[in-house]
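The values are calculated or read from the model by the stated rules, or taken from the named source; none is laboratory data. The structure displayed is predicted, hence computed values, not measured ones. Neighbour counts are summed over all protein chains in view; Cβ atoms, including those assigned to glycine, are modelled from backbone coordinates with ideal geometry.
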Amino acid sequence: MNTYRFPPKDWLDLPNFLSAEEFKNLPPNANTCIIIEGMTYAGRHTQAQVMSEELGLPKFAFSEWVTKYPPENEEERQIIAECLRNSVYLPDALRNKVADWALHEFYDKRHTDDEYYSRPFIMVGYPRTLEQAKHFQKFLEQRNIYALVAIIEINSKEARRRMSESTVKRIGHESDKLPEVQKIRIGEYFLKTHGYLKWLLLMEKAVGFKTCLDRSEYEQRKHEFSEVIDRGDYVVLSQQDVSQMIMKFLGMFHFVQYSGA
């Protein structure tokens, strides 16, 4: 007979990933980062760019750094090229290695020279799995940084529609309009990222922002939004409304204002 064994209490211990309330109670000079997460084509990179520009915050986008990473050997180069070509995640160990190099270049060499050193920085594209989050926890702990995760929530139907209409120019997205590639990308998300994000929400270590509302919910809340896209059985909030929701939420954190952002 199979016996289920509960994992040890600390198996998902991410002490530097904070709830909104814990984040709000940090001192004004705390070192912080805001991680933008969500499903493929949820608008993570767009939102990160908007926040970076409007709040004047440094932005770390993993997709930009992976193309700059100097592979240690031919095997690494081939793995990176193949993963980008096939629209799949890098293996956790290699993704963590690339992130370590990139964060050293971004944070240790650049961000710490910033006169507003304690202001938050924006992250997008890393960490995307639980194993990556546990690895990133070490980076946060070593540098006394605290993270808040903001999750942009869309449904898979909307994700596939956006992929079919895609004008994204980032490397690795050249074939996103192909149905077989869409299945791979969305499948990767559900296999490796979705459960991790749901756990963060359950443990109140993340804040979710719904951008796709079913018809009944929209009818109750439509006075809150300036513009929506009608998809029949659901509606999609405009990028402007999503940004305003997140910006309004971030406005509660006094150190964002204190830092000069």
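Quick notes on this one:
- GLN137 being out of contact with any Ser or Thr (no Cβ under 8 Å at 6 or more places or on another chain), modelled with pLDDT of 90 or more, under 14 Å from CYS33 (Cα atoms) and among the polar types (S, T, N, Q): yes
- The residue of region 47-81 that is surrounded by the most Cβ atoms within 10 Å (Cβ to Cβ), among those that are in a helix (DSSP H, G or I) and of a type in the set (Val, Ile, Thr), is VAL66.
- Of the residues making up region 87-107, those that are part of a helix (DSSP H, G or I) and either exposed (fewer than 12 other Cβ atoms within 10 Å of the Cβ) or among the polar types (S, T, N, Q) (or both) are ALA93, ASN96.
- Condition check for GLU153: at negative phi and either modelled with pLDDT of 90 or more or among the aliphatic types (A, V, I, L, M) (or both): yes
- Residue that is modelled with the highest pLDDT, among those in region 169-191 that are assigned to a loop (DSSP other than H, G, I, E, B) and crowded, with 17+ Cβ neighbours inside 10 Å: ASP176
- Contacts under 6 angstrom Cβ, first residue in region 61-77 being over 15 Å from TYR107 (Cα atoms) and at pLDDT 95 or above, partner assigned to a helix (DSSP H, G or I) and not hydrophobic (A, V, I, L, M, F, W, C), 6 or more apart: PRO71/ARG77
- Complete set of residues in region 200-223 that are in a helix (DSSP H, G or I) and closer than 18 Å to PHE23 by Cα: LEU200, LEU201, LEU202
- Some residue of region 28-42 being part of a helix (DSSP H, G or I), of a type in the set (D, E, K, R) and touching a residue at least 60 places away in the same chain (Cβ under 8 Å): no
- The set of residues from region 1-24 being modelled with pLDDT of 90 or more and part of a loop (DSSP other than H, G, I, E, B) comprises LEU14, PRO15, ASN16, LEU18, SER19.
- Meets criteria (modelled with pLDDT under 95, in contact with a Phe, Trp or Tyr (Cβ under 9 Å, 6 or more places away or on another chain) and either surrounded by 16 or more Cβ atoms within 10 Å (Cβ to Cβ) or polar (S, T, N, Q) (or both)) for LEU84: no
- Criterion violated by ALA133 - all others in (1) crowded, with 19+ Cβ neighbours inside 10 Å; (2) without any contact (Cβ under 8 Å) to a residue 12 or more places away in the chain satisfied: (2)
- All positions within region 19-42 that are within 20 Å of LYS248 (Cβ to Cβ) and either surrounded by 21 or more Cβ atoms within 10 Å (Cβ to Cβ) or polar (S, T, N, Q) (or both): SER19, PHE23, ASN25, THR32, CYS33, ILE34, ILE35, ILE36, GLU37, GLY38, ALA42
- Note on region 192-205: residues that are of a type outside the set (D, E, K, R) and loosely packed, with under 14 Cβ neighbours inside 10 Å amount to 3.
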